[in-house]
1. Give Ala37, Ala66, Ala78 a once-over and let me know the one that is at pLDDT 95 or above and either of a type in the set (Gly, Ala, Ser) or in a loop (DSSP other than H, G, I, E, B) (or both).
2. In the range 14-32, which residues are part of a strand (DSSP E or B) and surrounded by 12 or more Cβ atoms within 10 Å (Cβ to Cβ)?
3. When the residues of the range 81-100 are narrowed to those that are assigned to a loop (DSSP other than H, G, I, E, B) and within 14 Å of Leu24 (Cα to Cα), which ends up least open to solvent (accessible area, probe 1.4 Å)?
Amino acid sequence: MTMRRYDDPVEVRRGRDEAPDQILWRGRLWQVRSVLAHWVETGAWWAGGEARSVIGSDEIGAVAPAGAGGSGGAAVLAPVDLLAERDVWRVEAARGAQDPGGVFEVSFDWHDGSWRLVGCVD
């Protein structure tokens, strides 16, 4: 089985322990049967200018084209929001008792309070 990747907005109702209890995705309600995993993802600190200066690399940054305010080849080090966090939950969910269900990954973005479906195996 392969996890298909998505970036779809979803509505999530949390249960007593703050874990997702129900997921409304594309007009369909999914009842969470079990939580398989939970983790927190932080901002991409390794892509920031500070981390690259420590390791002596600027190859990861985007290159500014000549005439676009850049130096025509110098790496542009974009700022990275180190405080950006999102909770990711991998859950088993189904649409009813007879539905075999599937495995879903939903994320909660602490910055804007939004939920997204980021992956699915069904």
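1. On the way: Ala66 fails: at pLDDT 95 or above; Ala78 fails: at pLDDT 95 or above.
After ruling out the rest, the residue left standing is Ala37.
2. The first filter runs over the range 14-32 and keeps only residues part of a strand (DSSP E or B), leaving 14, 20-25, 28-32.
Once the filter is applied, which keeps residues that are part of a strand (DSSP E or B) and surrounded by 12 or more Cβ atoms within 10 Å (Cβ to Cβ), the range 14-32 yields Arg14, Pro20, Asp21, Gln22, Ile23, Leu24, Trp25, Leu29, Trp30, Gln31, Val32.
3. If we filter the range 81-100 for residues that are assigned to a loop (DSSP other than H, G, I, E, B), which is where we start, we get 81-84, 95-100.
Within this subset, residues satisfying the condition of being within 14 Å of Leu24 (Cα to Cα) are 95-96.
Details: Arg95: 119, Gly96: 33 Å².
If we take residues in the range 81-100 being assigned to a loop (DSSP other than H, G, I, E, B) and within 14 Å of Leu24 (Cα to Cα), then Gly96 is least open to solvent (accessible area, probe 1.4 Å).
The values are calculated or read from the model by the stated rules, or taken from the named source; none is laboratory data. Note that the structure is a prediction, hence the values are computed from the model and not measured. With ideal geometry, Cβ positions are generated from the backbone for all residues, glycine too; neighbour counts draw on all protein chains shown. Heads up: the accessible areas ignore ligands, DNA and RNA and are worked out on the full protein's heavy atoms, side chains in. Shrake-Rupley method; radii C 1.70, N 1.55, O 1.52, S 1.80 Å.
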